[in-house]
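Chemist: Dropping a structure here in structure tokens format, bear with me for questions.
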Ligand code: NCD
């Protein structure tokens, strides 16, 4: 594997290996302190971040490497009109590996096609966030001691919440996983996740607007904030922003060993009184994020020369349409006119296609 753009890029064995290495790092930190001596990680953050960027930087430092980068689009040449591809080609001359966050969905994929060094997607618009998912998987593994036989409640903004999309995709690789999708009507999980991920993998799932309805059944409760920056209409955000607030009272029926997670930042969807509850895992989750990113950086730097067989396989499914453009305004193709539109035929009979960059479904 050369890049990590989508959690689907990793096989279950590779995920397990990363988790094993991260667990070993937790136990034997010293052993890893020189693993990346002389290497440089660039963090290119075109969107705000606290945890993801700093955990990448801390991870590289703890491996003995160095870091460089920027933390906002306004402080980079993007503000002068430079394209993602040109920025990536430039940074590849300075760094051995790049972690990139971008508001446009599919931007890290475009970067990976142009890059000479490994690219890690650190969040693209409302689409994917694979390293948060690795963090979440390590958290679940350490806290529950298993990644199968779990009923997982995902609550909040399931439409724009990229961490939710990547987590659902990853968990379908494990046995006996059930999902309870808790959101207001306006913020339900996107169609492509339901069709291509949940239905294709025969996963048991249900949707509800009520946070407490299935509380007693949950092993994991994954809370998320309403993603203000993805709304076109501020009024719509204001209407939905307080749709769920987890309080001690709402946990009355919950299991004793429930694991409450949140990718953070929290706005007000988990009341501060819940922080003292032994089931609250969201600050531990932050720490796990650094260790799994250490494992990932080492893996990508070591495997740079391997061929990505999965990527070659995927190419075969692709179709290019010159005349059709993706309708998603957050798709990288909306910003970049030179980019060839690529759609993947997902249902021959119904003529359903999925944009390669942002995965929005297109019906012809
Ligand atoms: C998440 C993100 O950026 O998508 N944060 C993170 O990386 N830990 C969640 C969020 O911003 O709500």
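The values are calculated or read from the model by the stated rules, or taken from the named source; none is laboratory data. If you're wondering where the values come from, they're calculated on a predicted model, not measured in any experiment. Neighbour counts are summed over all protein chains in view; Cβ atoms, including those assigned to glycine, are modelled from backbone coordinates with ideal geometry.
Chemist: Among (1) part of a loop (DSSP other than H, G, I, E, B); (2) within 23 Å of the chain's Cα centre (by Cα); (3) in contact (Cβ under 8 Å) with a residue 40 or more places away in the chain, there is one condition residue 48 misses while meeting the rest; what is its number?
Modeler: Among (1) part of a loop (DSSP other than H, G, I, E, B); (2) within 23 Å of the chain's Cα centre (by Cα); (3) in contact (Cβ under 8 Å) with a residue 40 or more places away in the chain, residue 48 violates only (3).
Chemist: Here is a list of conditions, (1) more than 22 Å from residue 187 (Cβ to Cβ); (2) within 16 Å of the ligand (Cβ to nearest atom), and residue 246 meets all of them except one; can you say which number that is?
Modeler: For residue 246, the exception is condition (1).
Chemist: May I pose another question? Which of the strands (runs of 3 or more DSSP E) found entirely inside the stretch 169-253 contain at least 3 residues meeting this: under 16 Å from residue 159 (Cα atoms) and touching a residue at least 24 places away in the same chain (Cβ under 8 Å)?
Modeler: Per the criteria, 177-182, 204-208.
Conditions tested, residue by residue: (1) without any contact (Cβ under 8 Å) to a residue 60 or more places away in the chain; (2) within 10 Å of the ligand (Cβ to nearest atom); (3) touching a helix residue (DSSP H, G or I) at 6+ places or on another chain (Cβ under 8 Å); (4) closer than 17 Å to residue 260 by Cα.
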{"residue": "130", "(1), (2), (3), (4)": "no, no, yes, no"}
{"residue": "134", "(1), (2), (3), (4)": "no, no, yes, yes"}
{"residue": "137", "(1), (2), (3), (4)": "no, no, yes, yes"}
{"residue": "141", "(1), (2), (3), (4)": "no, no, yes, yes"}
{"residue": "145", "(1), (2), (3), (4)": "yes, no, no, yes"}
{"residue": "153", "(1), (2), (3), (4)": "no, no, yes, yes"}
{"residue": "157", "(1), (2), (3), (4)": "no, yes, yes, yes"}
{"residue": "163", "(1), (2), (3), (4)": "no, yes, yes, yes"}
{"residue": "166", "(1), (2), (3), (4)": "no, yes, yes, no"}
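Chemist: Somewhere in the stretch 193-216, is a residue modelled with pLDDT under 95 and buried (at least 18 other Cβ atoms within 10 Å of the Cβ)?
Modeler: yes
Chemist: Can I ask one more? Give the number of residues within the stretch 110-124 that are part of a helix (DSSP H, G or I) and either free of Cβ contacts under 8 Å to residues at least 60 places away in the same chain or touching a helix residue (DSSP H, G or I) at 6+ places or on another chain (Cβ under 6 Å) (or both).
Modeler: 4
Chemist: Of the conditions (1) surrounded by 13 or more Cβ atoms within 10 Å (Cβ to Cβ); (2) more than 22 Å from residue 61 (Cα to Cα), residue 278 fails just one. Which one is it?
Modeler: Just one mismatch for residue 278, condition (1).
Chemist: When the stretch 202-219 is examined, which residues are found to be out of contact with any strand residue (DSSP E or B) (no Cβ under 9 Å at 6 or more places or on another chain) and within 17 Å of residue 176 (Cα to Cα)?
Modeler: 202, the sole residue that qualifies.
Chemist: I would also like to ask the following. Would you be able to say whether some residue in the stretch 44-56 is more than 16 Å from the ligand (Cβ to nearest atom) and touching a helix residue (DSSP H, G or I) at 6+ places or on another chain (Cβ under 6 Å)? If you could, list the steps in order and put the result at the bottom.
Modeler: So in the stretch 44-56, the residues more than 16 Å from the ligand (Cβ to nearest atom) come out as none.
No, the conditions are met nowhere in the stretch 44-56.
Chemist: Okay, next question. Which of (1) within 16 Å of the ligand (Cβ to nearest atom); (2) out of contact with any strand residue (DSSP E or B) (no Cβ under 7 Å at 6 or more places or on another chain) is the odd one out, the single condition residue 89 does not satisfy?
Modeler: Every listed condition holds for residue 89 apart from (1).
Chemist: On to the next question. Scan the stretch 138-163 for residues that are over 15 Å from the mean Cα position of the chain (by Cα) and not in a helix (DSSP H, G or I) and jot them down. Walk me through how you get there before you give the answer.
Modeler: Of all residues in the stretch 138-163, those over 15 Å from the mean Cα position of the chain (by Cα) come to 140-153, 155-156.
Passing the criteria: 145, 146, 147, 148, 149, 150, 151, 152, 153, 155, 156.
Chemist: Would you call residue 179 within 15 Å of the ligand (Cβ to nearest atom) and at pLDDT 95 or above? Break it down stepwise before answering.
Modeler: On the way: within 15 Å of the ligand (Cβ to nearest atom): no; at pLDDT 95 or above: yes.
Considered against the rule, which asks whether it is within 15 Å of the ligand (Cβ to nearest atom) and at pLDDT 95 or above, residue 179 comes out as no.
Chemist: Can you tell which of 48, 108 is at pLDDT 95 or above and either under 24 Å from residue 162 (Cα atoms) or in the same structural domain as residue 263 (by TED's automatic domain parsing) (or both)?
Modeler: Just a single option satisfies the conditions, and that option is 108.
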